[in-house]
Each structure stands twice: as C-alpha cells, then as structure tokens.
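Worksheet: one structure, shown below.
What follows is calculated from the coordinates using simple rules that are stated; it is not laboratory data. Every value quoted in this text rests on a predicted model; they were computed, and no experiment measured them. Methodologically, a virtual Cβ is constructed for each residue, glycine included, from the backbone with ideal geometry; neighbour enumeration extends over all protein chains shown.
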Amino acid sequence: MAAQPDEVQIPGYTYGSAAHSPVTLDELEKLKASVTFGEEDAALLRRAGGLLEDQVEDILDVWYGFVAGQPQLVAQFSRPGGAPIAEYLQAVRPRFGQWIRDTCNRPYDQAWLDYQQEIALRHTPARKNETDHVSSTEVVPLRYLIALIVPISTTVRPFLAKREEDPAQVDAMLQAWTKAVVLHVALWSRPYTRDGQW
C-alpha cells in the first residue's frame, strides 16, 4: 500500500485533523448504496491504487493540461479576471495527487468523511483561498465540480490499462473509480445547498 499522508508532509493537507463532518456515517452508507459502491469496489480501488501509484504525476499532468485548456476551469486558479496564479496551481498539485491515493487506499470512514467536508469547503467562500493564502476567485461553481466527473474518470483508463492487460479488469477498476468520484462530488456538493435540501 502507498505511503499515507500521516507518513508524508503535504502543506495544507489536514487529513485526520479536519473538523467533524455534518454528514453522518449512516448518510454516507446510503449514498454509497445509491452509487452501488460496495466492498468489491473498495477492493478494486485498492488494486487500482497499486497500479497508479507510480503514475500519479503523469495523471496530474493530463488533468492540469485539461484544466489549462479550459478558460472557465483555469479561472478558478486565477486572480478574478486575471492570469493564473502559478504558486496556487503548484500548491494544490501534491494534495490532488494525495487525493488519488486516498481515493484508492483509504477506508471511507469518519476521518475520510471529515476530510471530504474540508475539501468541499475549500471550493466555497467559506474556505476558498485560505489554505494557500491566495487571492483567486471566491468559489468554484458547483456545475464545474459536477462536469469534471467525466474527465477525472475517463482519463484514468489509459493509466490502468498500462499496468493491467485484462480489459475486463481495467473496466471493473474504472467503474469503481468512477463510482468513487461521483461519491466525492456528491459529498462536496453539500455546502452549496440550502439547509435541508442536500
């Protein structure tokens, strides 16, 4: 299993010390059931994590290249109406890489749930820009988090296929990955909703 964040130091990475999520473990289990995420998916993700570990930087290169080519997305890492903030993009990158590892290797327990709430808040006016002390846009529009489910999912397939010859296994791991990405975005959407409507 890959080194976990308590064994490495990533600036702004607060896994294990994030505030308690307002989402209950029971709500999480119901959400997992709603995306049909089960133990087999967790096992497939752990396997995928092993295959992707030495490819994380390459995956990030693809994702960063995609964002850079989409003005509406790169704007979320820019000064309002201005140029991208290079140090912001650089600061986020190791946390984004660790997110890949966490998605594959962490148990989806209370600590994981708490950190998803922290990630969610960092996309909203509640915490956007605080972690990296930048002056970027004040919110990442929810529509872009939802839309990014597709590229964040589909672009992983070639990296899985590079290490796994069986196409059926690649498809199974990709399906588990996609379920996990949808689960994350569903949790990240909570701070955007009115009380009682999430």
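A few comments on the model shown:
- Per residue, the convex hull spanned by the Cα atoms of region 151-198 measures out at 64 cubic angstrom.
- Projected label points at Glu130 and Ser17, each 7 Å from Cα along the beta carbon direction, are separated by 1.5 nanometres.
- Contact order relative to length of the chain, as percent, for alpha carbon pairs under 8 angstrom and 6 or more apart: 32 percent
- Region 71-135: radius of gyration over Cα atoms, expressed as a fraction of 2.2 N^0.38 Å: 1.24
- The chain: DSSP helices with Cα axial extent of at least 27 Å and average Kyte-Doolittle hydropathy no lower than -0.5: 167-188
- Computed lengthening from Arg194 to Arg79, 0.36 nm per intervening residue step minus Cα-Cα distance: 38.6 nm
- Diffusion constant of region 6-129 at 20 °C, which comes from Stokes-Einstein with the Kirkwood Cα-pair radius and 1.002 mPa s, µm²/s: 132 µm²/s
- Amide H within-cut-off set for Ser78, under 5 Å, with H built and near neighbours excluded: Ile85, Thr137
- Placing a label point 7 Å from the Cα of Arg157 along the Cα-to-Cβ direction, the residues of region 13-46 whose backbone N falls under 18 Å from that point are 45.
- Ranked packing of 136-144, 87-95, most packed first, by mean Cβ within 10 Å: 87-95, 136-144
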